[in-house]
Amino acid sequence: MTNNQQLNDKTNDEKRAAFIDDLFYGSDDKKSAIADEILRLYALLPIAFLDEFDETLWLVKQAQYHQKQRNTVSLSSINKILHDRRLISKQEIASFITSSLTLSSYNALKFDHYKALALVIITQLYIHGDHPGQIENLCNEIRQYAQGRRKKLIPLLPELTRYDFSSLIEYFNELIQNNDGIDKQQHNRLTYYRNPIRSSYEARQGIHRNVGTREFKNSHELSKSKKQLFDDEQDIFTAQITEISTQSKSNDSWYSEDNIQPERSLSLVSSKHFVRYDRHLNGMRAHAINSSIIKNSMVLTCHISHVLQFDIGCLLKECIELIRYNSTKSEVATTLLLMLFTGNSFSEIKQWKAAKSPKTDHIIGIKREFKLPSIKKLDNELTFLLKDFQSEYCLPLPLNLISSLKNFNFNSINDNDIKCLLSDIKAKHQLSLNVSSISQYMKQTLIAENTDICIIELITGNDPQNESARYYTKISQNDFLDSYTQYCQHLNMLSQSDYLFDRYEIRNNGFLGSPFYIEEKRLQWIFQQFNTYFKKTAQEPKGYFSEPYHNMLVLELQMILGLSSGYRPVNDWFGTLNDIHLTTGEYRIADKERGSVYGGRVVILPLIAINRTRAYLQYCERAELHYNVSSPTLSLRYREARQGKSAFCFYIRKNKIDMCTPSSYAEQIDMIFPLQPNWTRHYLRSYLYSQGISGELIAAWLGHKYANQRPFGQFSQFKRSELIAISECLQLHLTTLLGKSNGQTDRRRAST
């Protein structure tokens, strides 16, 4: 046997293995259902096409190998999973084989004949030659046929029982050349059948095209934030701030969680007094007003607008007196206290939905909804993660404050009434309060007590887009209610009264927020499966340097680095080795830089993550030598990964380099656990929150803004010791997940 023949045999074996991976999708039960379909189609294939290719019998043997005696999975359910996970175009062969005829008006036997013929042809073209375009077109045509979208084409397709390969190709050639009465669309679709049939029968090698990558910019949209008032007293400083941001669109639910920061933003400051001055002076005034609003939102203890407890105590006493004695201003006093207890403005209060007691039908608090994008489109196989999760919750309010209310409309009062009452109280006690500061007091108090920002946002009921961390955190309803109770007790203490003490008692064992804080035992099981696969496959002759082994190795490394660093899903995910200092563990992450604005951060990797990265680099070094002759392109890619010239994480698909992107990751992880690409950020944020890590430190680790400031900016006061503390915390947790001995050295050795 010549060297060329040996090389061809090796290539065909690799293609057969890749074809099996593409054809038999999913779990063993799903593979069994597909195997049943293959054997059924083989039995229906017309005799003239039965023995043309040797690969047909090979395919039958593969189907028999994957077949089970009892099978409970249907083809339609597999096809639906592919649709739901947006894998139809990427798993075109699995989508083709799982497609079933939907219209009873169609000739089912004719469809089965063409599906069976297509299966034989696709098998032949996949293993011999290079025909990705023809395979994709034929798979798509059969799928469209099954869905009833080829009504004009079907009458043009002949009955296969009357033809063999030669006569069938001749029929299509004649029909395509003499296209009288056939429109251009049907003409093209006929070629989608003719070309692969001809290529397989004539053993054509196909054409390999090297196509460079192209980047298409996503469309953008404008979003507008709510208005913010700069000052409640002096109209000359009244400002309405609108932020106009352009944001990329994506159909994936997780995308909005990691891309809510604007690429560009513009703050608009409007005031009727601007017309009195020239535009340069107005620009300076607008810039100063905008900066002051951002500064106020930081709730700094040293800020001049910091609300004093004495002022709040006086406000509470005065409003309680007005409500207790049923004054004409009691409704206005109630509104002021509702703002104080919830951190909401008057306009937001009027939009509340009342939560009522199931027994008495009286108002007991506010009914709020909190449903994240990741929950709305959760994969069917992950619905178990939603156990004990709730999308609605109740914020209980003091009963004496709301006992006389039937709703929260407050139609009889307006903003001026609130300002007038507050002005009277201020004059009586010489206070420095304003309406905005009353709403701000709740946030100011809870931040001073180191309460997590997610709990504060749950109390105010703000949209999740106002605070990135809300997307990622799993919060116990009881923890949330306990924090709110502490704030209510703080207000009761300031009021020196028990009038606002009584609230409707609510205890709830449910959870709010992210469902991706997965149980430890499930993650331990996943890592055990990785370990078992590596040990088993490394002992096989071609296993250690195989495409599946490499991809599984990268997936495991991505999970470990994701759980260690919270790296956002981006193209060339996890960057290059130049970003990691393996000696110190410092990892520079710049997953969200835009324009000239620096948005990077530095984390310190746990020891397990460092060791696993080193083990992966050792594998890359061996793979570079292994592929030096048989695949120089792949060998070069391994070298570039080791040298930091290219991203060190990449996949191999059908002997070609596949960039590590969110979509390619989703395709790879789908076979293991179909989690959305940024699930590790959810898990990491929830875990650090559960360990009592400061919200400011968590924001820095994940690259979130905190107090309207990016982490590691020019005024950052983070210490290296704080980062080391988080790294050590993650080291202990990863040791629990992977095992003490797992990941310390390169446990995978090539079989030589």
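A few notes on this one:
- Scanning segment 411-451 for residues that are of a type in the set (Gly, Ala, Ser) and either closer than 14 Å to GLU318 by Cα or in contact with a Gly (Cβ under 6 Å, 6 or more places away or on another chain) (or both) yields SER423, ALA427, SER439.
- Every pair of residues 6+ apart whose Cβ atoms lie under 8 Å, when the first sits in segment 483-508 and is farther than 24 Å from LEU322 by Cβ while the second is surrounded by fewer than 18 Cβ atoms within 10 Å (Cβ to Cβ) and among the charged types (D, E, K, R): GLN486/GLU449
- Single condition VAL629 does not satisfy, out of (1) surrounded by 18 or more Cβ atoms within 10 Å (Cβ to Cβ); (2) over 23 Å from the mean Cα position of the chain (by Cα); (3) within 25 Å of TYR126 (Cα to Cα): (1)
- Qualifying residue in segment 381-394 (condition: closer than 22 Å to LEU500 by Cα and assigned by TED's automatic domain parsing to the domain that holds LYS317): yes
- Tally of residues being within 15 Å of PHE111 (Cα to Cα), aliphatic (A, V, I, L, M) and surrounded by fewer than 17 Cβ atoms within 10 Å (Cβ to Cβ) across segment 42-57: 2
- Residue ID - nearest to the chain's Cα centre (by Cα), chosen from residues in segment 150-186 that are in contact (Cβ under 8 Å) with a residue 40 or more places away in the chain and either over 22 Å from THR123 (Cα atoms) or part of a loop (DSSP other than H, G, I, E, B) (or both): ILE154
- Test: residue in segment 525-544 that is out of contact with any Lys or Arg (no Cβ under 8 Å at 6 or more places or on another chain), among the aromatic types (Phe, Trp, Tyr), in a loop (DSSP other than H, G, I, E, B) and farther than 30 Å from ASP379 by Cα: no
- Residues in segment 40-87 that are of a type in the set (Asp, Glu) and in a helix (DSSP H, G or I): ASP54, GLU55, ASP84.
Per-residue answers, yes or no, for (1) under 15 Å from VAL332 (Cα atoms); (2) in contact with a Phe, Trp or Tyr (Cβ under 7 Å, 6 or more places away or on another chain); (3) surrounded by 12 or more Cβ atoms within 10 Å (Cβ to Cβ):
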| position | (1), (2), (3) |
| --- | --- |
| ILE402 | yes, no, yes |
| PHE408 | yes, yes, yes |
| ASN411 | yes, no, no |
| ASP415 | yes, yes, yes |
| SER423 | yes, no, yes |
| GLN430 | no, no, no |
| SER437 | no, no, yes |
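- The criterion of at least 1 residues that are at pLDDT below 90 and under 19 Å from the mean Cα position of the chain (by Cα) is met by the following helices (runs of 4 or more DSSP H) wholly inside segment 370-477: 373-376, 453-460.
- Every test in (1) buried (at least 20 other Cβ atoms within 10 Å of the Cβ); (2) modelled with pLDDT of 90 or more is passed by LEU109 save one, and that test is (1).
- Scanning segment 187-204 for residues that are in a loop (DSSP other than H, G, I, E, B) and without any contact (Cβ under 8 Å) to a residue 24 or more places away in the chain returns a single hit, GLU202.
- Check on LEU617, part of a helix (DSSP H, G or I), assigned by TED's automatic domain parsing to the domain that holds ASP572 and either free of Cβ contacts under 8 Å to residues at least 12 places away in the same chain or in contact with a helix residue (DSSP H, G or I) (Cβ under 9 Å, 6 or more places away or on another chain) (or both): yes
The values are calculated or read from the model by the stated rules, or taken from the named source; none is laboratory data. Not measured: the values here are computed from a predicted model. Note: ideal-geometry Cβ built from the backbone for every residue, glycine included; neighbour counts use all protein chains shown.
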